[in-house]
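Here is the structure we will look at.
The values are calculated or read from the model by the stated rules, or taken from the named source; none is laboratory data. Since the structure is predicted, the reported quantities are computational estimates derived from the model, not experimental observations. All Cβ positions, even for glycine, are placed from backbone atoms using ideal geometry, and neighbour counts span all protein chains on display.
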Amino acid sequence: MRLSEAFFAFSVLLTGTVAAGNVHAAADELTGHWKLNEKLSEEADEAFDGKLRKERHLNIDRESASQRRAMDASQDNYWDAVGKARERRSSKNLRRLGSAYPLLTSTRLDINRLEDGFAFTYDELLPRRVRPNPAGRVYSAKGDELISDSIGHTLSYWEGDTLVLETDPPDGGRYLEKIKRLHAPERLEYRVNVKLRVLTEPVEMVRIFEPKSP
């Protein structure tokens with residue numbers, strides 16, 4: 001192997017090693033227990049005000065959607081707890097957002113590292129697992145890179161130090177989440193874009209979390 005070829009191969013290897021190291025560092029920074037900073041975060045009531053279609057104009061297979069939710073105990077338990085804890089009329093209306101609801105309204109977010117990804121828990125009630133695809137935003141024929149749960153089918157990957165989650169929810173539409181660690185002060189930025197049939201247009205919210213004391 002000529003010297004120039006060897007140098008090129010070494011450069012590629014070094015770049016890959018550095019990139020992998022950056023991903024591991026970013027992953028470590030996301031882990032922890034986080035509480036919502038309500039003053040710095042957008043409120044779902046305001047973000048979705050006037051954006052929900054009137055129910056009589058919708059054509060949704062409610063029976064099949066109900067059956068899918070009934071099959072998932074964790075989702076059932078979450079909605080039961082929400083029903084007991086949040087009785088405001090606006091919150092009831094926002095429940096039409098389906099599995100996007102916890103992404104947009106949770107006040108506590110716990111993120112733990114797994115061997116191949118992360119375990120998310122919303123409001124200590126709803127678990128979710130994600131497995132970032134090392135190949136990036138790539139879909140294969142087998143779909144092994146997708147995680148299926150009560151939130152939907154999720155593809156996750158890294159864009160620099162930002163964890164990106166693309167989800168196809170059970171009732172159609174698309175969720176796009178971007179999560180990154182901010183510094184000075186230490187915070188977690190959780191950006192969520194929701195596109196659903198119950199909405200007149202896509203809605204994006206930015207939510208800011210702070211480290212939660214033990």
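Taking the options 174, 181, 191, name whichever one is among the basic types (Lys, Arg), out of contact with any Pro (no Cβ under 8 Å at 6 or more places or on another chain), buried (at least 18 other Cβ atoms within 10 Å of the Cβ) and modelled with pLDDT of 95 or more. Going through 174, 181, 191 in turn, just one is among the basic types (Lys, Arg), out of contact with any Pro (no Cβ under 8 Å at 6 or more places or on another chain), buried (at least 18 other Cβ atoms within 10 Å of the Cβ) and modelled with pLDDT of 95 or more: 181.
Given the criteria over 15 Å from the mean Cα position of the chain (by Cα), surrounded by 15 or more Cβ atoms within 10 Å (Cβ to Cβ) and in contact (Cβ under 8 Å) with a residue 24 or more places away in the chain, does residue 164 qualify?
Considered against the rule, which asks whether it is over 15 Å from the mean Cα position of the chain (by Cα), surrounded by 15 or more Cβ atoms within 10 Å (Cβ to Cβ) and in contact (Cβ under 8 Å) with a residue 24 or more places away in the chain, residue 164 comes out as no.
The set of residues in the range 153-201 being in contact with a helix residue (DSSP H, G or I) (Cβ under 7 Å, 6 or more places away or on another chain) and β-branched (Val, Ile, Thr) consists of 179, 192, 194, 198. Selection of first residues in the range 119-145 that are surrounded by 18 or more Cβ atoms within 10 Å (Cβ to Cβ) and of second residues that are part of a loop (DSSP other than H, G, I, E, B) and hydrophobic (A, V, I, L, M, F, W, C), restricted to Cβ pairs under 6 Å at least 6 apart or on distinct chains, gives the following pairs, ordered by first then second residue: 128/151. Taken over the range 112-127, residues that are in contact with a Leu (Cβ under 9 Å, 6 or more places away or on another chain) and part of a strand (DSSP E or B) amount to 5. Which one is modelled with the lowest pLDDT, of the residues in the range 80-94 that are surrounded by 15 or more Cβ atoms within 10 Å (Cβ to Cβ) and of a type in the set (A, V, I, L, M, F, W, C)? Of everything passing the filter in the range 80-94, 82 is modelled with the lowest pLDDT. When we screen 109, 155, 104, 97 for residues that are more than 12 Å from the chain's Cα centre (by Cα) and either in a helix (DSSP H, G or I) or surrounded by 14 or more Cβ atoms within 10 Å (Cβ to Cβ) (or both), the only hit is 97. Kindly indicate whether any position in the range 45-54 is in contact with a Phe, Trp or Tyr (Cβ under 9 Å, 6 or more places away or on another chain) and either in a helix (DSSP H, G or I) or at pLDDT below 90 (or both). No, the range 45-54 contains no residue that is in contact with a Phe, Trp or Tyr (Cβ under 9 Å, 6 or more places away or on another chain) and either in a helix (DSSP H, G or I) or at pLDDT below 90 (or both). Would you be able to say whether some residue in the range 133-149 is in a strand (DSSP E or B), over 18 Å from residue 29 (Cβ atoms) and at pLDDT 95 or above? Within the range 133-149 (the criterion being in a strand (DSSP E or B), over 18 Å from residue 29 (Cβ atoms) and at pLDDT 95 or above), the answer is no, since none of the residues qualifies.
Would it be correct to say that residue 181 is out of contact with any Phe, Trp or Tyr (no Cβ under 8 Å at 6 or more places or on another chain), assigned to a strand (DSSP E or B) and either among the basic types (Lys, Arg) or within 21 Å of residue 34 (Cα to Cα) (or both)? Yes.
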